[in-house]
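Notes follow once the structure below has been shown.
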Amino acid sequence: MKATFPHLAHLDIALGVLYPTLGVEIVPPPPISKKTIEMGVKLAPQNACFPLKVTLGNFLEGIERGADTVFMAGGVGPCRFGYYGQVQKIIIEDMGHDVRFILLDHPRYGWRQFLDAIKVMMGGRFSLVRAKRAVTLAWQILRFTEELENYRRSLRCQVEDKATLDTMVEETLDRLRSVEEIRTLANIRDEARANLRDFPRRQREGMIRVGIVGEVYIAQEKRINFNIDRLLGDLGVYVHNSVSTVEYILHTLPFFRSRDKHEAWQLARPYLNRFVGGEGIDSVGSTVRYAQWGFDGVVHLYPFTCMPEVVAKGIMNQVGKDYDLPILHLAIDEHAGEAGLVTRVEAFVDVLERRGKMGRKTLEAIGR
Ligand code: SF4
């Protein structure tokens, strides 16, 4: 078996450590490029969600490299994620590829199916003892990749030497690819944390603070969202991203619960108290949280035609009015262009700066 999988943030680093340890040969797709998007867009139904198209491109590029198996997560309704794997499987089979598709559905759709999929993904035999070490290491690596990105995101607006910051983060991410033991990971982590904590920075009073909310794939995949974290950081904005691959995975596993998501759902409750699919509730709850934290604005990232985020968008506008919080909604698909996005983000930051100079209203002033 030679398995390929979709890209999502730094998942490839964690899976690249997990699978060889389990004795499964993997064929990671190349990094997402124009070609990936074109391949997916050409074959997927026109009105399919953009992430379906890009991940289809990942699979096709993985197959070009010799993969004979595809690992994909199954989805939970009510939105279209539940159909992703099935649609992609049919498209790939119609192209004449003899590829095995392993879909990991939530166990609520059947424990047997879930365990069978896990068994294949674990290399044929489901041994808890064998899997425990590998999964623990891969999980900690994934968590640390997010920690690194959080450092980079929050530091970018405060440092002069952005190139060195990028090099430091990229080199650390590269070192993680060859980690085989927890002890090695701990050493890399300690060293990187110390370097990043001591990274020379300017004292910046009154920084503009912006939170990112939205659909997990668009909000996390910087090769798709035009690296908006970096763009905002270069404009001098402190950025916090409420969307996390780690929390997303945690939330989809049985017996686990994401504390972050739970909190966001509680905050969303006065506005939206039923599941609308995807990250719809999270987007609303995280917007409330940023307002309560005193952030200056929120950027909402989602795929064009994403039903849960379109529902969230209307509700978030009400949250924005209630808390006097500007929100920039950015729908991204294959037609989105970097120049247009940059112009809109620059204009948004301009507005936030002017509001900052005029003195943003406090929560007390707006009766909160
Ligand atoms: S969350 Fe949005 S983009 Fe993702 S599958 Fe559902 S509708 Fe599509």
Notebook entry, point to check: Which distance in nm do the two modelled labels at ASP190 and LYS162 give, with both placed 7 Å along the Cα-to-Cβ direction?
Noted result: 3.3 nm
Next item on the list: Give the long-range amide H neighbours of GLU25: residues separated by 5 or more places, or on another chain, with amide H under 5 Å away, using H modelled in the peptide plane at 1.01 Å from N.
Entry: ALA3
Check: So what's the projected area for the range 2-121, the Cα convex hull averaged over all directions, in nm²?
Finding: 7.4 nm²
Item checked: Value of relative contact order over the chain, rounded to a whole percent, pairs C-alpha under 8 Å and six or more apart -> 16 percent
Next item on the list: Taking a cut-off of 17 Å between Cα atoms, list the aspartates and glutamates near LYS53, but don't count ones fewer than 8 places away on the same chain.
Entry: GLU38, GLU61, GLU64, GLU93, ASP94, GLU215, GLU221, ASP333, GLU334
Note to self: Test of understanding: ordering HIS10, HIS262 by Cβ neighbours within 10 Å, fewest first, what list do you get?
What the structure shows: HIS262, HIS10
Notebook entry, point to check: Can you give the FRET efficiency for MET95 and THR136, using 1/(1 + (r/R0)^6), R0 = 51 Å, r = Cβ-Cβ distance, to the nearest 0.05?
Noted result: 0.85
Checklist line | Partners for LYS132 among lysines (Cα-Cα distance below 17 Å; same-chain residues under 8 apart left out) | finding: LYS119
Next item on the list: Please give, to one decimal in nm, the separation of the simple spin-label points placed at GLN318 and ILE182, each 7 Å out from Cα toward the Cβ.
Entry: 4.7 nm
Checklist line | Net charge contributed by nearby residues that have their C-beta within less than 12 Å of ASN58 (K/R +1, D/E -1) | finding: 0
Check: Hey, got a sec? Which trypsin sites (Lys or Arg not before Pro) in the range 98-180 land in a DSSP loop and have at most 16 other Cβ atoms within 10 Å?
Finding: ARG125, ARG177
Margin query: 7 Å from Cα along Cα→Cβ at both ASP234 and ARG175: what's the point-to-point distance in nm?
Written below: 2.7 nm
Next item on the list: Report the longest stretch of the chain that contains none of the chymotrypsin sites (Phe, Trp or Tyr not before Pro) sitting in a DSSP loop with at most 15 other Cβ atoms within 10 Å.
Entry: 127-254
Next item on the list: Quote the relative contact order of the range 2-121 in percent (integer), defining contacts as alpha-carbon pairs under 8 Å separated by 6+ residues.
Entry: 25 percent
Item checked: Three-way shape label, the range 237-334, alpha-carbon gyration tensor, a/c 1.5 -> rounded
Item checked: Per-residue Cβ neighbour rank within 10 angstrom, fewest leading, LYS42, LYS313 -> LYS42, LYS313
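Values in this text are rule-based calculations from the coordinates and carry no lab data. Treat the numbers as computed from the prediction; the structure is a model and nothing was measured. Using ideal geometry, Cβ is built from the backbone for each residue, glycine included, and neighbour counts are taken over all protein chains shown.
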